[in-house]
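Below: the structure, in structure tokens.
The values are calculated or read from the model by the stated rules, or taken from the named source; none is laboratory data. If you're wondering where the values come from, they're calculated on a predicted model, not measured in any experiment. Here the Cβ positions follow ideal geometry from the backbone for every residue, glycine too, while neighbour counts run over all protein chains shown. SASA here: full protein model, heavy atoms, side chains in, ligands and nucleic acids out. Shrake-Rupley method; radii C 1.70, N 1.55, O 1.52, S 1.80 Å.
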Amino acid sequence: NSRLSKRRLTILAMIVLADVVYVYQGQVDVSQVVPLKFLTGPNGNNSYVTFTGNDLPLTPSGSPYYAGFQVSIKLTNSSGAYFVNIGELQVQDAGYLYVPSLLSGNAVSSSGSSAIQSLYIYLNNTDITSSSAIVCTIVLTYSSSGWTAYYTNGYVAPGSTPTSNSPCSLSAGTYGISMYVIPNVPITSSTSETVTVTLGYNVISNTAVPVP
């Protein structure tokens, strides 16, 4: 009985350690959708600021690929710099804009000297005459522990941060993109910094879903 019991235990151990793999096949069909278009705004191409929307085709005969934007700005030793309507955001599909938490890394990063203390990205009605014209504010602030991102509907004054994050609700239409920068002074001729931010756009719900 003892030998039979040991044999059963050995067979059982072999079964536990064995791998069983069921193989299934899925299919993914791909087509293009362009929920957001970032374009150069009316004030986005001069000697002080350049806003470039990725609205150029990959090939001369191709279609625009609309993948984001780049901004180059010049700062001086001031308390702030306001760049008005430098970009244009065309919302094709209504949704919710936010700065996502990343499963690995940070959604905001920078390289170079620390030229920017805070960066306010405003989405506004193209006729911006008051704070009520601003429909969304994204705030990026820098400290010794790194960058922190905030986002909310409506207007947040420079020097302030939202009390809580809330994805910006965007309806289909055209918005101006303006930026207010609080610099880290002094700004010198050797000052140079590149800030990169990842934006999420949820076209289903107002949930700020983390992304890989």
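Tabulated data
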| item | result |
| --- | --- |
| Unit charges at the beta carbon, dipole of the chain: most positive-side option, Ser189, Val209, Val139 | Val209 |
| Lys37 accessible area, 1.4 Å probe, all protein chains in place, Å² to nearest 10 | 50 Å² |
| Exposure of Asp19 as accessible area (Å², to 10), given a probe of 1.4 Å and all protein chains | 140 Å² |
| Helical mean residue ellipticity (222 nm; -39500 (n - 2.57) per DSSP H run of 4+; nearest 500) of the chain | -2500 deg cm²/dmol |
| Residues with amide H under 5 Å from that of Gly41, placed H, sequence gap 5 or more | Gly87, Glu88 |
| Residues whose placed amide H lies under 5 Å from that of Asn184, excluding near-sequence neighbours | Ile116, Gln117 |
| Estimated vicinal HN-Hα couplings, Hz - the range 93-103 in sequence order (Karplus 6.51, -1.76, 1.60; Gly, Pro = x) | 10, 4, x, 10, 9, 7, 9, x, 6, 9, 5 |
| Area accessible to solvent at Tyr155, 1.4 Å probe radius, in Å² | 100 Å² |
| Largest to smallest accessible area among Val30, Val156 [probe 1.4 Å] | Val30, Val156 |
| Helix 2-17 vs. the chain, principal-axis angle (Cα, 0 to 90°, nearest 10) | 20 degrees |
| Charge dipole magnitude, Cβ of K and R +1, D and E -1 - the chain, Cα centre, debye nearest 20 | 1120 debye |
| Mean Cβ count within 10 Å, highest first, over the residues of peptides 173-181, 110-118 | 173-181, 110-118 |
| Long-range HN-HN contacts of Leu36 with modeled amide H, under 5 Å | Gln92 |
